[in-house]
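The values are calculated or read from the model by the stated rules, or taken from the named source; none is laboratory data. All figures in this text were calculated on a predicted structure; none of them were measured in a lab. Here the Cβ positions follow ideal geometry from the backbone for every residue, glycine too, while neighbour counts run over all protein chains shown. With ligands, DNA and RNA removed, areas are computed over all heavy atoms of the protein, side chains included. Shrake-Rupley method; radii C 1.70, N 1.55, O 1.52, S 1.80 Å.
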Amino acid sequence: MQVWKEYQEKNKDRFLDELLQLLRIPSVSAKSEHKEDMLICAEAVKQRLYEAGVDTATIYTTDGHPVVYGEKIIDPNKPTVLVYGHYDVQPAEPLELWNSGPFDPVIKDGKIFARGSCDDKGQVYMHIKALEILVKTNTLTSNIKFCIEGEEEIGSPNLGKFVSSHKELLKADCILISDSSMLSLDTPSIDIGVRGLSYIEVEVTGPNRDLHSGVYGGAVANPITILAKMIASCHDENNHITIPGFYDDVTMIPDEERKLMSKAPFNETVYKEDLGVKELWGEKGYTTNERTGIRPTLEINGIWGGYEGEGAKTVLPSKATAKISARLVPDQSSIKITQLLLEHFKKIAPPYVSVNAFEHHGGEPYITPIDSKAYKAAAKAIETTFAKKPIPVRGGGSIPICSLFEKELGIKIVFMGFGLDSDNLHSPNEKFNLENFYKGIETIPYFHKYFTELS
């Protein structure tokens, strides 16, 4: 609608300035030193919701970081859309790899560089500004609720309890999430699913103290060497995961869907150049898009032990540790896979070391139906502003709360993300294209319009 475009154009600089203010708050949920920053960020989100036109906004405390809730109810008989997002961000380390301060946003080459610019503050803010446009132009046709949490990056440990105890508050006809990506502005897409997650930590202990590597080397097992061998044994020569039972519940994708996925444009040369690698790696028998969408994986997210300081220290360490995650697909269970992983690493440990393995967090895979009213509204909204029909794809990431929302609230989710896989999510120099940010704000009002019409 022309009135929406005019309002956005008139206020786009203010929209950006407000987002930059939000990005300056180091709301890192994983680090206790940022507990106060989390509260500051929650208050900022609450204030922005009020400014955008919600009737009420409340900060709900949890056993961890708070949840920000807001709503704009125009008519209880109208359709209600629940917007989910998160204001917490990943740790910024390693800081030396950033070209600018992670919490000092910089705009360069049409992109916002800052931690949280895309994941997920920038994408949450698209919805807040879309609400403002609808309210200020008096064109809102649906009720809108917001559930913006502060623990997504640590597995949403307290959101389940909040949702189950606030079912009436969160009651809606669909859930709209933009914590996802699309292929590109030239080739818009909609994620029709996300993978589940199992995240564990494994600690291998050898001798009861660090030892002199000259005096004891060759006589005592080095925990780093043993841990590396244990990890290496989890993949075979075809990069197939060797853990017994890991694939037992994996749903095989029909050839028809694999053919549909193959229609998504993919330039392997550009992909490799962007990542700075000479060759790609993955499970034999599957394409790159399939490996990151329909197949489960096992990855090492961090490994350490021994001396890590400057210079040399000839030490045989007492301990070695690794953080390990598995991305899961339907119908794998995060609970089952986590137990499988914990037991496997304890079982394969040789007798000259001991193993302590424990869970960090997990979440279930989720598939959204493409025949739902919400999906159709999202597809029509994107087609309206992009002049192209979006391609349905499966995302490789995880949003742990998806299956929880559907179970507790009994409603379907639709993903409508405007970020890109190349936006360095969870990495140094995270970015969000200004064009994508503004395109999201332009498109979201159409979702509400079409969802109301379809309902």
- Query: Would a scan of the range 321-329 turn up a residue that is over 21 Å from the mean Cα position of the chain (by Cα), surrounded by fewer than 19 Cβ atoms within 10 Å (Cβ to Cβ) and assigned to a loop (DSSP other than H, G, I, E, B)?
  - Reply: no
Within the range 159-180, the residues that are crowded, with 21+ Cβ neighbours inside 10 Å, modelled with pLDDT of 95 or more and either assigned to a strand (DSSP E or B) or among the polar types (S, T, N, Q) (or both) are C174, I175, L176, I177, S178
Checked against (1) in contact (Cβ under 8 Å) with a residue 40 or more places away in the chain; (2) over 19 Å from the mean Cα position of the chain (by Cα), N138 satisfies every condition except (1)
From the option list I226, I231, single residue qualifying as over 26 Å from the mean Cα position of the chain (by Cα), open to solvent by less than 30 Å² (accessible area, probe 1.4 Å) and either more than 23 Å from Y366 (Cβ to Cβ) or without any contact (Cβ under 8 Å) to a residue 60 or more places away in the chain (or both) is I226
Only one of Q47, Q21, Q8 is at pLDDT 95 or above, touching a helix residue (DSSP H, G or I) at 6+ places or on another chain (Cβ under 8 Å) and farther than 24 Å from T385 by Cα, namely Q21
Of the candidates G396, G417, the one satisfying the condition of being at pLDDT 90 or above, under 12 Å from the mean Cα position of the chain (by Cα) and either under 17 Å from S184 (Cα atoms) or in a loop (DSSP other than H, G, I, E, B) (or both) is G417
Inside the range 287-308, the number of residues satisfying the requirement of being open to solvent by 40 Å² or more (accessible area, probe 1.4 Å) and not charged (D, E, K, R) is 8
**Prompt:** S198: under 20 Å from the mean Cα position of the chain (by Cα) and not acidic (D, E), yes or no?
**Reply:** yes
Result of the Cβ filter at 9 Å on the range 363-384, keeping first residues that are farther than 25 Å from I441 by Cβ and surrounded by fewer than 16 Cβ atoms within 10 Å (Cβ to Cβ) and partners that are of a type in the set (K, R) and modelled with pLDDT of 90 or more, at least 6 apart or interchain, is P369/K412
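Taking the range 240-294, which residues are assigned to a loop (DSSP other than H, G, I, E, B) and among the charged types (D, E, K, R)?
Answer for the range 240-294, where residues must be assigned to a loop (DSSP other than H, G, I, E, B) and among the charged types (D, E, K, R): D248, D249, K263, K278, E279, E283, K284.
How many residues does the range 422-455 contain that are among the charged types (D, E, K, R) and over 20 Å from W98 (Cβ atoms)?
Result for the range 422-455: 5.
Filter the range 102-114 for residues that are free of Cβ contacts under 8 Å to residues at least 12 places away in the same chain and either open to solvent by less than 50 Å² (accessible area, probe 1.4 Å) or touching a Ser or Thr at 6+ places or on another chain (Cβ under 9 Å) (or both) and give the result. Spell out the reasoning first.
So the first thing to find is which residues in the range 102-114 are free of Cβ contacts under 8 Å to residues at least 12 places away in the same chain, and the list is 106, 108-109.
Listed by number, the residues that qualify are V106, K108.
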